[in-house]
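Worksheet: the structure to be examined is printed underneath.
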Amino acid sequence: MQTKVVLRSIGLLTMLFSMTMFLPLLVSFIYQDGNDHLFWQSFLIIQMLGFLLWFPLRGEKRPLCHRDGFLIVAFFWMILGTIGAVPFLLADNPAMSFTDAVFESVSGFTTTGATVLQGLDRLPPSILFYRQQLQWLGGMGIVVLALAVLPILGIGGMQLFRAEVPGPVKDSKLTPRIAETAKALWIIYLGITLICALCYRLAGMSWFDAIGHSFSTVANGGYSTHDASFSYFNNPRIEMVAIFFMAVSGLNFALHFAALQKNSIKTYFIDSEARCYMLVMLTCGLLVGSHLFYKGTSGYTLLDAMRHGMFQTVSFMSTSGFVTTDFFLWPGVVPILLVFAGFIGGCAGSTAGGLKVIRVMLLYKQGEREIQRLIHPNASIPVKVGKIVQPENILDAVWGFFALYVVAFILIMLLMMEAGLDYMSAFSAVAACINNVGPGLGEVASSFRTVDDSVKWLGCFAMLLGRLEIFTILVLLSPSYWRY
């Protein structure tokens, strides 16, 4: 373990993050909301913390090993959750406790969208913008952003990239050099964000709302600048824009890269995971919409039922967590179906959370193979995705991930129940946090504001587990990790 190199790297990343305070500072100047001092102070505090870590170790420039990458990523995301809370702690409006400030920050960075705030419509514009910016930075990962800059500062990046990028297969690179890969991902990410913001504006949002919601839509985050989320606008055109960009952001960003290179949308339909993702999303949306119309929910016409059903389905499956109505009051199995859509999540390599579609596909195909083996015990039956045979080590990794996911889910749920939540609230709270969805059912249907502080800290841990895909966090708890 190269402790000094790790600390130096975290110091650099912390100083880099402090620079993000200038955008909300600019917003404060534009809207004259009196919070400019807040972001200056936050910048100085975070910059100083990073400098104190980096300066004594500035000469440590040895290459990172694989184990160092996991430690940097895990620690940095934990540190981000804390230092990202600094503006919330310094602000008078909203007045937040340390626990609430950290919860809001971690929820933003992990693109979960669970909140403890209410009265968003009365908050200063700079604070609202800062919340949205947290999700945008977390969407592709502040660490991946840093990879485009850190090679200049003498830090190799591949170890960080493998540890941070979501999905079961983490060794593939879009371009030969990791810095070029990071730049390619962020150019695509920025491009989609700009197009999304423009579409929101044309659909009827103000520029402030359009930019803020494009940040959280492309990040599949779920924070809104209004308490009522998308129901505030009550505009079908805006909802259609949101559905499209939530779905697009739930696709593997490597596919966007390949589609741009080939200048063809056929790339999306060739990919097995993307086809499955779109099919499941469309099927669930039609089922939810049909159920709402059949039950006569809120007097919806068929068109309204399909519109709300598809919006909430895409929102949950892409783990965005936006709402157009009180979905938790919908009849029958619909709220539970939406929660389970969040378990599936988006594609590997996307900004979405959940198990990921590719893992669900492999789990299904592996189960199907075991049934075939019972019928044909001596047969050699490969597991294929498309026409590609999947190596056994990939299947083992998926089953290992799923086992750890289930164990972590159950343990956190039991601890939340011990802290006072009923079983439905505890189940949906863990599902909302570990899948990075945001809204849940029961006591956490609209926010986590009323739950005990211990539940909020458990939620923070679950959000980090989900965002870093469990292994990155749990590997640090293994005694063998710390042995040389």
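The values are calculated or read from the model by the stated rules, or taken from the named source; none is laboratory data. Please read these numbers as outputs of a predicted model, since none were measured by experiment. A quick note on method: Cβ atoms are made from the backbone with ideal geometry, for glycine too, and the neighbour counts reach across all protein chains shown.
Could you tell me which residue of the range 328-340 is surrounded by the fewest Cβ atoms within 10 Å (Cβ to Cβ), considering only residues that are modelled with pLDDT of 90 or more and not in a loop (DSSP other than H, G, I, E, B)? Among those that are modelled with pLDDT of 90 or more and not in a loop (DSSP other than H, G, I, E, B), it is 336.
Condition first: surrounded by fewer than 23 Cβ atoms within 10 Å (Cβ to Cβ), over 26 Å from residue 230 (Cα atoms), of a type outside the set (A, V, I, L, M, F, W, C) and touching a residue at least 40 places away in the same chain (Cβ under 8 Å). Can you find one or more residues in the range 99-121 that meet it? There is at least one residue in the range 99-121 that is surrounded by fewer than 23 Cβ atoms within 10 Å (Cβ to Cβ), over 26 Å from residue 230 (Cα atoms), of a type outside the set (A, V, I, L, M, F, W, C) and touching a residue at least 40 places away in the same chain (Cβ under 8 Å).
Selection of the range 120-133 for residues being over 15 Å from residue 100 (Cα atoms) and not aliphatic (A, V, I, L, M) yields 121, 122, 124, 125, 126, 129, 130, 132, 133. With respect to the conditions (1) of a type in the set (D, E, K, R); (2) over 21 Å from the mean Cα position of the chain (by Cα); (3) modelled with pLDDT of 95 or more, residue 456 falls short on a single one, namely (2).
Among the conditions (1) surrounded by 16 or more Cβ atoms within 10 Å (Cβ to Cβ); (2) without any contact (Cβ under 8 Å) to a residue 40 or more places away in the chain; (3) part of a loop (DSSP other than H, G, I, E, B); (4) not aromatic (Phe, Trp, Tyr), residue 426 misses just one, which is (3).
Yes or no, residue by residue, for (1) farther than 23 Å from residue 303 by Cβ; (2) in contact with a Ser or Thr (Cβ under 8 Å, 6 or more places away or on another chain); (3) among the acidic types (Asp, Glu):
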{"site": "190", "(1), (2), (3)": "yes, no, no"}
{"site": "214", "(1), (2), (3)": "yes, yes, no"}
{"site": "218", "(1), (2), (3)": "yes, yes, no"}
{"site": "255", "(1), (2), (3)": "yes, yes, no"}
{"site": "258", "(1), (2), (3)": "yes, yes, no"}
{"site": "267", "(1), (2), (3)": "yes, no, no"}
{"site": "276", "(1), (2), (3)": "yes, no, no"}
{"site": "279", "(1), (2), (3)": "no, no, no"}
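Considering the conditions (1) touching a residue at least 40 places away in the same chain (Cβ under 8 Å); (2) assigned to a helix (DSSP H, G or I); (3) touching a Ser or Thr at 6+ places or on another chain (Cβ under 7 Å), residue 343 is excluded by exactly one of them, (3).
Here the condition is being at pLDDT 95 or above and assigned to a helix (DSSP H, G or I); of 160, 194, it holds for 194 alone. One residue alone among 325, 319 is within 28 Å of the chain's Cα centre (by Cα), touching a residue at least 40 places away in the same chain (Cβ under 8 Å), at negative phi and crowded, with 17+ Cβ neighbours inside 10 Å, and that residue is 325. Checking 373, 359, 369 one by one, the residue that is among the basic types (Lys, Arg) and buried (at least 20 other Cβ atoms within 10 Å of the Cβ) is 359 and no other.
Cβ separations smaller than 7 Å between residues 6+ apart or across chains give the following pairs from the range 376-388 residues that are within 25 Å of residue 271 (Cα to Cα) and small (Gly, Ala, Ser) to residues that are modelled with pLDDT of 85 or more and surrounded by 11 or more Cβ atoms within 10 Å (Cβ to Cβ): 386/272. Determine whether residue 257 is modelled with pLDDT under 95, closer than 16 Å to residue 348 by Cβ and not acidic (Asp, Glu). Against the criterion (modelled with pLDDT under 95, closer than 16 Å to residue 348 by Cβ and not acidic (Asp, Glu)), residue 257 qualifies.
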